1. FRET efficiency for A:A43 and C:Q72, Cβ-Cβ distance as r, R0 = 30 Å, nearest 0.05?
2. Partner chain Cβ atoms within 10 Å, averaged over the residues of B:110-118 - can you pull that number for me?
3. Counting GluC sites (Glu not before Pro) as exposed when in a DSSP loop with at most 16 other beta carbons within 10 Å, what is the longest stretch of chain D free of them?
4. Each residue of segment D:21-30 in turn: what ³J(HN,Hα) in whole Hz from Karplus with 6.51, -1.76, 1.60 and θ = phi - 60°, glycine and Pro shown as x?
5. Residues of C:173-185, mean number of Cβ from any other protein chain within 10 Å of their own Cβ, rounded to a whole number?
6. Give me the inter-chain shielding for A:35-46: mean count of other chain Cβ atoms within 10 Å, whole number please.
7. When chain B is modelled as a GNM with alpha-carbon springs shorter than 10 Å, which of B:P168, B:P81, B:P153 fluctuates the most?
8. What is the residue of chain C with the smallest Cβ distance to the axis taking C onto A, and what is that distance in whole Å?
4 protein chains.
Amino acid sequence: MAENAARHHGNRHGRSEQARLAVLEAADDLLVEKGFAGLTIEAIAASAGVSKQTIYRWWSTKTDILLDAFLQDLAEDLPVPDHGSLERDLRHYLRNLAYFLTRTDAGAVLRALLGHAQHDVDFAAVLRTRYLDEQLSRDKLALERAVERGELPDSLDIAAEVDQLVGPIYYRALVTGGAVDEGFTDALVDACLRRVS
Amino acid sequence: MAENAARHHGNRHGRSEQARLAVLEAADDLLVEKGFAGLTIEAIAASAGVSKQTIYRWWSTKTDILLDAFLQDLAEDLPVPDHGSLERDLRHYLRNLAYFLTRTDAGAVLRALLGHAQHDVDFAAVLRTRYLDEQLSRDKLALERAVERGELPDSLDIAAEVDQLVGPIYYRALVTGGAVDEGFTDALVDACLRRVS
Amino acid sequence: MAENAARHHGNRHGRSEQARLAVLEAADDLLVEKGFAGLTIEAIAASAGVSKQTIYRWWSTKTDILLDAFLQDLAEDLPVPDHGSLERDLRHYLRNLAYFLTRTDAGAVLRALLGHAQHDVDFAAVLRTRYLDEQLSRDKLALERAVERGELPDSLDIAAEVDQLVGPIYYRALVTGGAVDEGFTDALVDACLRRVS
Amino acid sequence: MAENAARHHGNRHGRSEQARLAVLEAADDLLVEKGFAGLTIEAIAASAGVSKQTIYRWWSTKTDILLDAFLQDLAEDLPVPDHGSLERDLRHYLRNLAYFLTRTDAGAVLRALLGHAQHDVDFAAVLRTRYLDEQLSRDKLALERAVERGELPDSLDIAAEVDQLVGPIYYRALVTGGAVDEGFTDALVDACLRRVS
DNA sequence: TAGTAAACGAGACGGTACGTCGCGTCTTTCG
DNA sequence: CGAAAGACGCGACGTACCGTCTCGTTTACTA
């Protein structure tokens with residue numbers, strides 16, 4: 001089947017899934033291989049075996065492609081654990097987040113996208129809509145569950161707490177480049193628990 | 001005599017200070033006017049009344065220029081207040097930092113540079129050497145003074161504390177785009193004081 | 001239909017004839033206007049309303065363009081008259097040649113190309129292949145016809161005769177800059193006839 | 001003396017002969033090594049160990065330098081033999097001229113200069129004044145002597161005869177690139193003698 | 001069982017900016 | 001005061017990608 005499937009050359013109704021996936025994969029590969037600055041739409045097209053026009057038909061910028069590629073890769077997400085214990089949930093979640101941000105390929109792509117968002121406000125908005133908002137919800141989840149369970153008071157400013165939990169992690173990942181180990185994330189959890197209890 | 005020196009067109013010993021300053025100023029202006037992506041070396045040269053070759057003689061990339069321009073602008077620095085009181089020092093310092101990062105032109109340039117550092121590890125290293133390290137020292141200063149005064153124990157992990165103090169500020173500025181008001185920074189100080197005392 | 005075809009912006013099968021002609025015409029015009037040294041590919045592109053890349057796609061140097069332009073202009077050629085009389089043929093042909101070389105725009109382009117060939121052996125070879133060889137055939141034609149008619153012996157060294165006929169004309173045009181009038185060309189014909197008869 | 005003379009760095013009284021010769025020699029060498037197009041004033045300065053300004057103080061263009069270099073090399077000139085016999089004089093002279101033009105380094109430089117003169121009328125005038133006029137006198141010499149001796153009539157159009165004698169040689173050297181051997185130059189002499197006698 | 005229309009590959013096009021090279025000018029310092 | 005050194009403004013070079021535009025081809029739905 002795959003053998004004689006040969007090339008796809010158009011379809012009256014709807015786009016070629018084959019082309020779409022080839023582009024996303026090529027974008028990912030080339031980002032790793034050449035870096036963000038060395039990533040060109042022309043190269044993506046060539047490497048994906050796709051014409052430039054096909055890319056421009058469906059995406060408008062290279063960061064648009066990268067965002068799609070990133071979200072595609074994000075199938076294996078950041079599951080928010082639910083141990084019924086705020087401490088264990090947070091500890092587990094922050095460790096995962098730190099690992100994701102600093103150690104995985106997808107994390108590298110996210111850092112690149114956040115970097116680009118610093119000098120493109122339109123893209124910053126898109127990134128928020130398509131990824132960050134959802135991620136923020138996940139960040140809050142452990143605390144929200146604790147409130148529901150009555151473990152924490154309704155009056156808690158969850159947003160502020162989340163910023164103090166994850167902020168230092170992003171700071172090290174994006175700014176100082178310092179290590180983000182379990183000692184560090186556990187300390188963040190400890191500090192949080194002392195604040196809220 | 002110095003007055004009618006007119007234009008400087010090169011001499012045997014060293015570069016033209018006039019050209020240097022014109023480039024840095026033009027880079028600053030154009031970054032604000034056109035944004036990072038719209039900032040070209042060609043435009044900087046034209047706007048500074050300087051030839052491209054003169055730029056390439058002294059800088060290698062546009063971020064190189066921007067970093068110089070940023071450091072030049074940083075004369076009016078972030079003075080670290082010394083009230084003799086840890087609380088007042090921190091409260092003051094964080095407010096200044098937040099204002100600098102989110103409200104000033106220099107802060108915008110810094111965010112752009114941090115953004116670029118996300119996809120250029122070489123530049124990230126340069127940025128650290130030429131700016132961030134020094135900034136980190138400033139960040140630590142208030143706590144270090146408190147230790148010297150005996151207000152805080154020697155055993156304090158100052159680096160970790162600093163990350164928890166400034167991390168959330170950078171996080172909001174670089175990632176969520178959320179407001180960084182005095183209520184937020186004061187809460188960070190409160191949390192810090194509770195941790196260390 | 002052909003009327004409203006409007007602008008051509010590239011297509012799958014080959015180059016834009018419109019762009020090709022615009023380049024050749026612009027090259028011709030600019031050579032006359034600015035001279036050889038003042039002729040730049042950038043100016044040709046601008047004047048032809050064509051991008052530089054389009055020029056570089058099809059030509060490698062400005063002399064390459066000029067040679068094409070010259071050959072294009074050469075539609076109205078140097079017809080070799082055939083009066084059935086060697087004397088009348090030669091007299092007519094040499095007058096035409098002298099006029100062409102010293103008085104016409106195309107002649108000026110040819111002198112420029114010959115000039116460039118003096119310090120570019122590769123181009124000299126190209127010039128021979130694409131123009132001079134054919135021109136040499138034309139130069140020989142009148143004598144060859146006379147041989148065919150039996151007017152001249154088979155043993156005649158036509159190449160040597162041609163060099164003595166046209167050589168002095170090129171010499172004056174290219175080296176001394178002296179006038180090449182009819183008295184001069186007629187004298188060349190007379191001398192030739194005396195030699196061969 | 002030569003030992004401790006070291007470098008010359010300015011002179012209160014007139015220009016440096018050392019610099020002048022170094023420039024001319026470097027120009028010659030580089031023309032051979034890199035060709036006319038690859039010959040730059042910057043390279044000449046570097047290769048001669050001379051500053052650009054020194055070159056510009058004394059010459060205006062690179063062809064100006066080359067012309068000086070050419071005339072300097074022309075010490076060993078084209079002596080016009082005087083055997084007391086027109087035939088022997090001409091035969092000898094044309095052979096020398098052909099050899100000079102097509103086989104010597106100085107001939108190559110002359111061809112380059114003639115090439116440049118095709119697209120620079122100002123330089124063409126300079127070349128005539130500083131070299132060609134003198135050369136034309138030499139070309140005429142053998143015939144003039146024959147007239148003086150009474151061997152040829154006063155009424156002879158010497159200029160026209162010279163063009164027919166040397167024209168074909170320049171034509172082959174500059175245009176067709178054909179060989180210019182003794183058979184060819186001797187034939188030219190034969191034809192001339194038949195015309196004038 | 002054609003026709004037909006969307007999506008495709010290919011790739012030429014007008015552009016913009018790149019980073020480099022050489023030009024000719026200028027200034028400073030040395031001898 | 002000539003010469004070395006070398007920075008400067010300038011302009012063209014040739015290249016890389018940009019995003020747009022045909023132009024045939026492939027394919028799956030529709031008539």
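1. Numbers: r = 38 Å, r/R0 = 1.26.
Taking R0 as 30 Å, the efficiency between A:A43 and C:Q72 is 0.20.
2. Working: counts 2, 3, 3, 2, 5, 10, 6, 6, 14.
Mean partner shielding for this stretch: 6.
3. Details: sites that count: D:E3, D:E76, D:E151.
After excluding every exposed loop site, the longest remaining stretch is D:77-150.
4. 5, 4, 5, 4, 5, 4, 4, 4, 4, 5
5. Numbers: counts 1, 10, 16, 11, 7, 4, 0, 1, 0, 0, 2, 5, 0.
Shielding by partners across C:173-185 averages 4.
6. Numbers: counts 3, 4, 5, 1, 1, 0, 0, 0, 0, 0, 0, 0.
Average neighbour count from other chains, rounded to a whole number: 1.
7. B:P153
8. Closest to the rotation axis on chain C: C:Q53, 4.
Where a number appears in this text, it was derived from the coordinates with a stated rule and is not lab data. Remember, it's a predicted structure, so these values are computed and weren't measured experimentally. Because the Cβ atoms are built from the backbone with ideal geometry, glycine has one as well, and the counts that use them run over all protein chains shown.
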